[in-house]
Amino acid sequence: MNEVISAIKTRRSIRKFKPEQIKDEELNLILEAAIYAPSGHNEQPWHFTVIQNKELIDHFSRVTKEAMAKSDIDWISSMGRSEKLHLFYNAPTLVVVSGRKDAYSPLADCCAAIQNMLLAAHSIGLGSCWLGLTSFLFEMEEEVAKLNLPEGYKPYFTVALGYPDLKKELKTPERKKDVVNYIR
């Protein structure tokens, strides 16, 4: 099978990481893959904030879960109240992906960059998880200020990165098949 297709089909979200930090060379490859993503009008409106400070990662997990616990959505509030859950699954590296607010399509562009990151991480044996629940964190101005974002950028998502700590290979979830129609 083609290597790219194989990587797409075998990549999984990893939710258990070893504590050891990833190598700078690995991180740089992943970030390079991100900046090669397509973007509307080739604006490349993304910004990446790498966090490898365990205390800050733990703090962001804690305050995000506190906000999640107040959600009106049951599954979100339940996750927020969970004593066992670390929102970032104890990953040693987080990358916050932000987009320039005045760009043509910053959200879509940042999502393309994230997908490149996930595939690049998988291709070099690292685990990754795309995290959207950090939207609760990104609503807190005092917490967003800790990211030192450039002026005019908005954080959208977080990617957890690290070495997978798996006892067995993850299975591919069943895929929905009836999702295509043709107009010829």
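The values are calculated or read from the model by the stated rules, or taken from the named source; none is laboratory data. Note that the coordinates shown come from a computational prediction; the quantities given were computed from them, not determined experimentally. All Cβ positions, even for glycine, are placed from backbone atoms using ideal geometry, and neighbour counts span all protein chains on display. Just so you know, the surface numbers come from the protein's heavy atoms only, side chains and all, with ligands and any DNA or RNA stripped out. Shrake-Rupley method; radii C 1.70, N 1.55, O 1.52, S 1.80 Å.
Over the chain, how many percent of alpha carbon pairs lie in each 5 Å bin up to the one with the longest distance?
1, 8, 15, 18, 19, 18, 12, 6, 2, 1, 0, 0
What accessible area, in Å² to the nearest ten, does a 1.4 Å probe give for residue 23?
110
What value, in deg cm²/dmol to 500, does the helix sum -39500 (n - 2.57) over DSSP H runs of n ≥ 4 give at 222 nm once divided by the residues of the chain? Please list the in-between numbers first.
On the way: 7 runs with 69 residues, N = 184.
That calculation yields -11000 deg cm²/dmol at 222 nm.
Treating only the Cβ of Lys, Arg, Asp and Glu as charged (+1, +1, -1, -1), what charge dipole size does the stretch 75-168 show about its Cα centre? Round to the nearest 20 debye.
Using Cβ point charges on Lys, Arg, Asp and Glu, the stretch 75-168 gives about 400 debye.
Where a Cα-Cα gap under 30 Å defines reach, which lysines qualify for residue 70, not counting those fewer than 8 residues away within the same chain?
Here the lysines satisfying the reach criterion relative to residue 70 are 16, 54, 84, 101, 146, 154.
Counting only other residues whose beta carbon sits under 13 Å from that of residue 63, what net charge do I get with K and R as +1, D and E as -1? Walk me through the numbers before you get to the answer.
Details: positive: 62, 65, 70, 146; negative: 55, 58, 66, 139, 141, 142, 143.
My count for the surroundings of residue 63 gives -3.
What is the log10 of I(q)/I(0) for the stretch 1-49, computed with the Debye formula using one identical point scatterer on each Cα and no solvent, at q = 0.14, 0.19, 0.25 Å⁻¹?
-0.58, -0.97, -1.11
In the stretch 56-184, if the dipole is taken from +1 on Lys/Arg beta carbons and -1 on Asp/Glu beta carbons about the Cα centre, which of 122, 75, 57 is farthest to the positive end?
122
Simple spin-label model, 7 Å along Cα-to-Cβ: residue 36 to residue 53 in nm?
3.2
Given a Förster distance of 25 Å, report the FRET efficiency between residue 16 and residue 149 from their Cβ-Cβ distance, rounded to the nearest 0.05.
Efficiency, rounded to the nearest 0.05: 0.30.
So between residue 166 and residue 5, what do we pick up on full extension, going 0.36 nm a residue minus the alpha carbon distance?
55.7 nm
Whenever you get a sec, compute what percent of the accessible area on the stretch 11-97 sits on carbon and sulfur atoms (1.4 Å probe).
Of all accessible area on the stretch 11-97, carbon and sulfur atoms account for 50 percent.
With +1 on each Lys and Arg Cβ and -1 on each Asp and Glu Cβ, and nothing else charged, work out how big the dipole of the chain is about its Cα centre, in Debye to the nearest 20.
For the chain, the charge dipole is close to 900 debye.
Extension gain residue 139-residue 78, at 0.36 nm per residue separation less the Cα-Cα distance, in nm?
Result for the pair: 20.0 nm of gain on full extension.
Rounded to a whole number, what is D in µm²/s for the stretch 1-108 from Stokes-Einstein with the Kirkwood radius over alpha-carbon pairs (20 °C, 1.002 mPa s)?
The estimated diffusion coefficient comes to 130 µm²/s.
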